[in-house]
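Enquirer: I have a structure here, written as structure tokens, and I will follow up with some questions on it.
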Amino acid sequence: QGGLGLGLTVVKRLIVEHGGDVSAHSDGPGLGSEFVIALPLESDQVHHAGGSSHPATAVSSPRQVLIIDDNEDFTEALACLLRAAGHDVRVIDHGAHAMDAIKRFAPDVVVLDLGLPGIDGLSILKAIRAAPLAKQPRVIVVSGYGQEADKQRSLLAGADHHVIKPVGIDILKKLIESAGGPGSS
């Protein structure tokens, strides 16, 4: 209630892209809901006697990623998948806290929504680009605002990329992993 209805769509898309399936069931209003997620186990994740296990999706150069988005379903799913891939992820849900988080965390990548409470995403983007940071992060706008004019505003304000929700995790992972890692400028 009160959301854009993107949460379940994002979850389903992320799970399906990883070869899984998701289903939901409810016996009616007020009776609760059951959500079942099934994911295949990759052979690289199986523990072998005497050996260690590591996810097949781990990256060779982890990134520091800051997600600035007030859609809790989206941020939880994305943060979980990026952490599983080996990235250091922080999440904030209010525009007013964005610049403080960027200064403290010094992310390699910022995943930024445009429609935020407090300070909107475009204002945050302009503040990032104007700030005297030791390194400028790659900024990936991920938004439900998908008109050509929205994309142009993002790019003119300094976004490196503007993708429309719901977005596939593989697309985001490629954009994040192609950003410079820790210590790069």
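Enquirer: Quick one: with all protein chains in place, what share of the accessible area of the range 60-183 is carbon or sulfur, to the nearest percent (1.4 Å probe)?
Expert: Solvent-exposed carbon and sulfur of the range 60-183 make up 51 percent of the total.
Enquirer: Counting Lys and Arg as +1 and Asp and Glu as -1, each charge on the Cβ, what is the dipole of the range 105-162 about the Cα centre in debye, to the nearest 20?
Expert: Computed charge dipole of the range 105-162: roughly 200 debye.
Enquirer: I would also like to ask the following. How large is the Kirkwood hydrodynamic radius of the range 110-185, counting all unique pairs of alpha carbons, in Å?
Expert: Hydrodynamic radius (Kirkwood, Cα only) of the range 110-185 equals 12.9 Å.
Enquirer: What ranking of VAL11, VAL110, VAL16 comes out by heavy-atom accessible area, probe 1.4 Å, highest first?
Expert: VAL16, VAL11, VAL110
Enquirer: Heads up, I need the accessible area for SER23: 1.4 angstrom probe, whole protein in place, Å², nearest 10.
Expert: Estimated to the nearest 10 Å², SER23 gives 60 Å².
Enquirer: Can you give the accessible area of LEU39, probe radius 1.4 Å, in Å² rounded to 10?
Expert: 100 Å²
Enquirer: What spacing in nm lies between the two simple spin-label points modelled at VAL22 and THR9, each 7 Å away from Cα in the Cβ direction?
Expert: 1.3 nm
Enquirer: Suppose all protein chains stay in the model; what accessible area per residue would a 1.4 Å probe give for the range 61-185, in Å²?
Expert: The answer is 45 Å² per residue.
The values are calculated or read from the model by the stated rules, or taken from the named source; none is laboratory data. Fair warning: this is a prediction, and the values are worked out from it, not measured in the lab. Neighbour counts run over all protein chains shown; Cβ positions are idealised from the backbone, glycine included. Just the protein is used for accessible areas: all its heavy atoms, side chains included, with ligands, DNA and RNA removed. Shrake-Rupley method; radii C 1.70, N 1.55, O 1.52, S 1.80 Å.
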